[in-house]
Amino acid sequence: MLTYILRRIGLAGLMLFGLVCLTFVIANIAPSDPAALAAGPDAGRSQIENLRREYGLDRPLHEQFVRYVTDLVQLEFGRSVATGRAVGTDLARYFPATLELCLVAMAIGLLFGVPLGIVSALHKDGPIDHVTRIFAVSGVALPPFWFGLLLQLAFAAWLGWLPTSGRLSVFTEPMEPITGLLLVDSLLAGNGSLFLEAASYIALPALVLSFPCLAQILRVNRSEMVEALRADYIVAARAHGVRQRRIVVVHALKNAMLPTLAIIGLRWGWMMSSTVLVETVFDWPGTGLYAVSSAIAGDFKPVMGVTLIVGLNFMIANLIVDLLYGVLDPRLRSA
Amino acid sequence: MTAPLLEIRDYRLAFDTFDGTLHVLDGIDMAVAPGETLGIVGETGCGKSVLARSILRLNPMPPARVVSGEIRFRGADVLALPPADIRRLRGAAVAMVFQDPATYLNPLLTVATQMEDAIRGQDAAKGGPVRRRAAARDVAAELLAAVGLPEPRRLLASYPHQLSGGMRQRVLIAMALVGDPSLLVADEPTTALDVTVQAQVLALIASLVRERGLTLILISHDLGVVSASCARVAVMYAGTVVEEAPTGPLLERPLHPYSQGLIAAVPDLDRPEVRPKGIPGSIPSLLDPPSGCRFHPRCERATERCMVEKPLLRELLPGRRVACHHATAGDSPQ
Amino acid sequence: MTDVPASVAAEVAQRRGGAARRWRLAAWLIGRSFASMLGLVLVAGIVGLALLGPWIVPYPEHVIGQVNLGDKLKPPSMANWFGTDEVGNDILTRIIVGARLSLLVGVGITFAAAAIGVPLGILAGTAGGRLRETIMRFTDLFLSVPGLVLAIALVAALGPGIGNAMIALILVWWPGYVRLSESKALAIREEPYIEAARVSGASRFRILWRHVLPNAISPLIVKMSMDIGQAILAVASLGFIGLGAKPPTPEWGAMISIARGYLPDYWWYAVFPGLFIYLSVLGFNLLGDGLRDILDPRSHRT
């Protein structure tokens, strides 16, 4: 087990280094000159040259790379032209919002996807199964930004039940972040009304973000449950008189959860990337919105920072999934 | 003969598939008395496993569909029992041992969890108090010891993949004993095992039958396995029982042409000069089984009658029943 | 087929084969499944719109973006089924013309990605050793950043626009094909009949051509069908956030991007282009799902 964990962590470390290389390469294929961009449109030639020297852009590539890596190790991502702050500072401010959004969305996906998958599998080819299937296929096809606009129209503009966008009302005094996750922080502070307000603001974007995830968890869980329920060991469990509920919820589900877990890892990355769209629609102050507004402005450093953070996050998620695999599957543990 | 423990009458089972309906079992008649040991032999695909699973209603429906017949256990029709009663039957009255212990044990649960679940599930089915996990675990350990497994406590904590094939099969047998059943149905219990382990497992089953007074139905494609463990044998072909007889007389003097072929196909180690003979032709399609006697396309003695009229099991000699129009009491092998 | 005991499955397998029977099976599977039929109809509809677009639009002069402020932001009516946009163009006309762009871009991205990924994957799967390790590690690297984020980073580097968006999405998409074809090639490498072919002296190229490719083709077609839908969605997404096609190009995502500013009063402007994105992605997904049933007999569930 220990070697399994160490191997996984080692692989993740290797990937992280690869990711750093990838962002460096992307940064260097950029036709735009970062020095010219930073200097602004009115800067003279000598000014740009000075900046080039200051950024080390006149050095050979391998020296630039070493400098890039040493900067990253010190969490130095460069400076955002638009906000004027260090990208690291911006990321620290925006990332918790994105994380909160994704966590809530994933929770919705799991809470509804897994049970619905079980129910569909138990009623295979029945009416429930058909309904969930249509639901599942449309979930993957639904453009998140469009679905978000539709929900805004319905629940915010027409029904007026939920706020349109943002993370909190502009009139609400924001609290000093503890974890950065508003739902958690408001509970820690014992502020119930703030919690409810935060929940009402996160509801729509989290729903939009969770929808494709929910759909895919449902589908995978359903087909894996169908498969597991037909397995020989289930026939044996039934023959030995194990209770039906125990067979479904423990004997079959445990086997079905292994592939479902793999999907959850993949979907986490997908979710992180969909935040770009969902945060744009809902003006959610997270890394997605930050990346989009920076990319449109041609502000390159923040985009790279977000790429790194999202990639790192995806890696950690996959590492957690790998470790959970080890917990769930005894064959892996002893291998 | 006393009242049979298990009685199957005119049981027909079909599977609905894309290609059409498979007539897997076609009019099975069979009776097993308490304490009896019955072997069922036949080639792969003759429907013996499906028949075994029918006793506990373990075939998935759909695609399986009961066409006709009844399966009576202690007089009650298993096919008509409400689900709650079926659950009381499973494990507690009728227990099964399966073919490949590697696939019939849940890979993600410890032996302890699987045995405890069986013990507690049967408690619940009886409607009485459900034993606590610790108590169930004690019972499980005793059962593992009873099937000759050393260090049962350590075994309980292990996962199936950590055990050898023979150990896994012993674990499955121990699980079958959980409810102190009266009928044990063993479906090819030795097929997936090494030859040396096969003998041990068969010996174990035989001793359990003796000590616990179990009634045994042993299913195998291997005549040798069946003849070593069972007093009586039923031979199945393409979803029908073609012959039923006490083991000794059947081996000496099979009456049905298919049984004769089956026995002639077994090499005789005492007479190596006699080459084993195969049966010409191949197993018929169950989608569109031959009319009349299902064996007639491969039978040397087939006549027009065999193509039209399905032969029923009839008692030719005391205790010997054959489903063949041409078999006579004076038939001798070869 | 796992519902059915091994004996029965063997029986069915024995009867498998025969071209006529396979066609019958395919027809049965498509006909049986409402979902696959729907997918086929939707895809046929999109392809039809893309082919016939310029000839069937109600207002051809609105394609380029004629300014007609007198008719701006009119709700759906008999004259303008889907209403008009902020400069008075017929939204239906612009959606129909947009179908060609979306389909071309979706198909283009998918085929380009497959053209890069499949040879690399088969090479990795059959070559093994250090070459395979290098290719696969490189592939993993691209897969380590979730798709859209990587695409945005690339577009940010290359500069916005539909052409660069396509390049970025191709760069994001190819690793999936390497993974798929590598696993197929690897699985087949272990098969006894490949062993037999190798022993009997067949060249590597011949083995690839005769054995590996045909076996990888079914899952490849399924993946490509699904990916065309996803690529259409991705291009529209980039258009929506302002990094893809630029207005007044009649691109569905870019249209919604503008339309967003006119919500909630002029809801039709955003709703109808989105509906078409949804229906095309849905169509390709359903079709891919149906094709999987037909092309991969192992996935049959009776």
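The values are calculated or read from the model by the stated rules, or taken from the named source; none is laboratory data. The structure displayed is predicted, hence computed values, not measured ones. In this analysis, Cβ positions are derived from the backbone assuming ideal geometry, glycine residues included, and neighbour counts consider all displayed protein chains. Side chains included, ligands, DNA and RNA excluded: accessible areas come from the protein's heavy atoms. Shrake-Rupley method; radii C 1.70, N 1.55, O 1.52, S 1.80 Å.
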Inset, instruction - Could you check the simple spin-label distance between B:Gln162 and B:Ala84, using points 7 Å along Cα→Cβ, in nm with one decimal? - result: 4.0 nm
Legend entry - Amide H within-cut-off set for B:Gly27, under 5 Å, with H built and near neighbours excluded: B:Tyr11, B:Arg12, B:Leu13
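Per the helix-only calculation at 222 nm, which mean residue ellipticity applies to chain B, given -39500 (n - 2.57) for every DSSP H run of n ≥ 4 and division by its residues, nearest 500 deg cm²/dmol?
Using -39500 (n - 2.57) per qualifying helix, the result is -9500 deg cm²/dmol.
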Inset, instruction - Just report the Cα centroid separation between region A:231-294 and region A:172-197, whole Å. - result: 28 Å
Inset, instruction - Whole Å is fine, so just give me how far the alpha carbon centre of region C:168-203 lies from that of region C:243-279. - result: 41 Å
Legend entry - ³J(HN,Hα) computed for each position of region A:138-148 - Karplus, 6.51 cos²θ - 1.76 cosθ + 1.60, integer Hz, glycine/proline x: 5, x, 6, 8, 5, x, x, 5, 6, 4, x
Inset, instruction - Return the average number of partner chain Cβ atoms within 10 angstrom of each residue Cβ along peptide B:47-56. - result: 2
Legend entry - Degrees separating the helix C:213-240 axis from the principal Cα axis of chain C, which is the longest one: 20 degrees
Legend entry - Sequence ranges C:46-57, A:87-98, A:269-280, A:42-53, ranked by mean other-Cβ count within 10 angstrom, highest first: A:269-280, A:87-98, C:46-57, A:42-53
Inset, instruction - With a 1.4 Å probe and every protein chain left in place, tell me how much accessible area C:Glu133 has, in Å² to the nearest 10. - result: 80 Å²
Legend entry - Value of [θ]222 nm, deg cm²/dmol, for chain A, DSSP H segments ≥ 4, -39500 (n - 2.57) each, nearest 500: -24500 deg cm²/dmol
Inset, instruction - For C:Glu133, put the label point 7 Å out on the Cα→Cβ axis and report which residues of region A:1-32 keep their amide N under 18 Å from it. - result: A:7-18
Legend entry - Area buried, chain B against chain A - accessible surface, total, 1.4 angstrom probe, square angstrom: 2300 Å²
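With a 10 Å radius around each residue's Cβ, average the other Cβ atoms per peptide and rank B:205-216, B:128-139, highest first. All intermediate terms of the calculation are to be shown ahead of the outcome.
Working: B:205-216: 16.3, B:128-139: 14.3.
Ranking, from highest mean packing down: B:205-216, B:128-139.
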Legend entry - Cα-centred dipole magnitude for region A:1-149, charges only on beta-carbon of K, R (+1) and D, E (-1), debye, nearest 20: 260 debye
Inset, instruction - Using a Förster distance of 56 angstrom, determine the FRET efficiency expected from the C-beta separation of B:Ala231 and A:Met1, and round it to 0.05. - result: 0.65
Legend entry - Antiparallel bridges, percent of DSSP beta bridges restricted to region B:6-230 (to nearest 5): 55 percent
Inset, instruction - Using the Karplus curve 6.51 cos²θ - 1.76 cosθ + 1.60 with θ = phi - 60°, work out ³J(HN,Hα) for each residue of region A:153-163 in order, rounded to whole Hz, and write x for Gly and Pro. - result: 4, 6, 8, 9, 6, 8, 7, x, 7, 10, x
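Please state the charge dipole magnitude for chain B, taken about the Cα centre, from unit charges on C-beta atoms (+1 on K and R, -1 on D and E), reported in debye and rounded to the nearest 20. Walk me through the numbers on the way to the answer.
Details: 36 positive and 36 negative charges, 167 e Å.
Its charge dipole is roughly 800 debye.
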Inset, instruction - Could you estimate the translational diffusion coefficient of the protein assembly as shown from the Stokes-Einstein equation, with Rh from the Kirkwood formula over C-alpha pairs, at 20 °C and 1.002 mPa s, in whole µm²/s? - result: 66 µm²/s
Legend entry - Gaussian network model of chain B, Cα within-10 Å springs - most flexible of B:Gly166, B:Gly319, B:Gly224: B:Gly319
Legend entry - Label point at A:Thr83 placed 7 Å out along Cα→Cβ; residues across region A:176-204 whose backbone nitrogen lies under 18 Å: A:176-182
Inset, instruction - Return one number: the angle in degrees, 0 to 90 and rounded to the nearest 10, between the long axis of the Cα atoms of helix C:34-56 and the longest principal axis of the Cα atoms of chain C. - result: 50 degrees
Legend entry - Size of charge dipole - the protein assembly as shown - debye, nearest 20, with Cβ of Lys, Arg +1 and Asp, Glu -1, no other charges: 1360 debye
Inset, instruction - Among C:Ala216, C:Ala114, C:Ala153, determine the one that fluctuates most according to a GNM of chain C built with springs between C-alpha atoms less than 10 Å apart. - result: C:Ala153
Inset, instruction - Report, to the nearest 10°, how far helix C:147-158 tilts away from the longest principal axis of the Cα atoms in chain C, using its own Cα long axis and a range of 0 to 90°. - result: 60 degrees
Legend entry - Label-point separation in nm, B:Val139 to C:Ile56, each point 7 Å along Cα→Cβ: 7.0 nm
Legend entry - Estimated FRET transfer efficiency when R0 is 51 angstrom, pair B:Val67-C:Arg198 (beta carbons, to 0.05): 0.50
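According to the Cα gyration tensor, what semi-axes, each the square root of 5 times an eigenvalue, does the equivalent ellipsoid of region B:237-322 have, listed from largest to smallest in whole Å?
Numbers: eigenvalues 111, 64, 21 Å².
For region B:237-322, the ellipsoid semi-axes come out as 24, 18, 10 Å.
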Inset, instruction - Count, for each residue of A:269-280, the Cβ atoms from other chains sitting within 10 Å of its Cβ, then give me the mean as a whole number. - result: 5
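Rounded, prolate or oblate, given the Cα gyration tensor of region A:89-334, with a/c below 1.5 counting as rounded?
prolate
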Inset, instruction - Please sort A:167-179, C:234-246, A:318-330 by packing, taking for each peptide the average over its residues of neighbouring beta carbons within 10 angstrom, highest first. - result: C:234-246, A:318-330, A:167-179
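Net charge near B:Leu214: determine it from the other residues with C-beta under 11 Å of the C-beta of B:Leu214, scoring Lys and Arg +1 and Asp and Glu -1.
Working: positive: B:Arg210, B:Arg212; negative: B:Glu36, B:Asp180, B:Glu211.
Here the charged neighbours net out to -1.
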Legend entry - Selected from A:Arg245, A:Arg230, A:Arg222 as most flexible by GNM, with chain A as the system and alpha-carbon contacts under 10 Å: A:Arg245
Inset, instruction - Convert each backbone phi in region B:180-193 into a coupling constant with the Karplus relation 6.51 cos²θ - 1.76 cosθ + 1.60 (shift: θ = phi - 60°), then list the ³J(HN,Hα) values in order as whole Hz, x for Gly and Pro. - result: 6, x, 9, 10, 10, 10, 10, 9, 6, x, 10, 4, 8, 9
Inset, instruction - Calculate the mean, over all residues of peptide A:285-298, of how many other protein chain Cβ atoms lie within 10 angstrom of the residue's Cβ. - result: 3
Inset, instruction - Measure out, as a whole number of angstrom, how far apart the alpha-carbon centroids of region C:100-134 and region A:90-161 sit. - result: 31 Å
Inset, instruction - May I ask which residue of A:Cys213, A:Val170, A:Val281 lies farthest towards the positive end of the charge dipole of region A:161-281, with charges of +1 (Lys, Arg) and -1 (Asp, Glu) on Cβ and the Cα centre as origin? - result: A:Cys213
Legend entry - Farthest toward positive dipole pole in region C:133-249 [+1 Lys/Arg, -1 Asp/Glu at C-beta], among C:Ile217, C:Ala157, C:Thr139: C:Ile217
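Mind running the shape call on chain B? Use the C-alpha gyration tensor, a ≥ b ≥ c as the square roots of the eigenvalues: rounded below 1.5 for a/c, prolate if a/b tops b/c, oblate otherwise.
Numbers: a/c = 2.00, a/b = 1.58, b/c = 1.27.
Because a/c hits 1.5 or more and a/b exceeds b/c, chain B counts as prolate.
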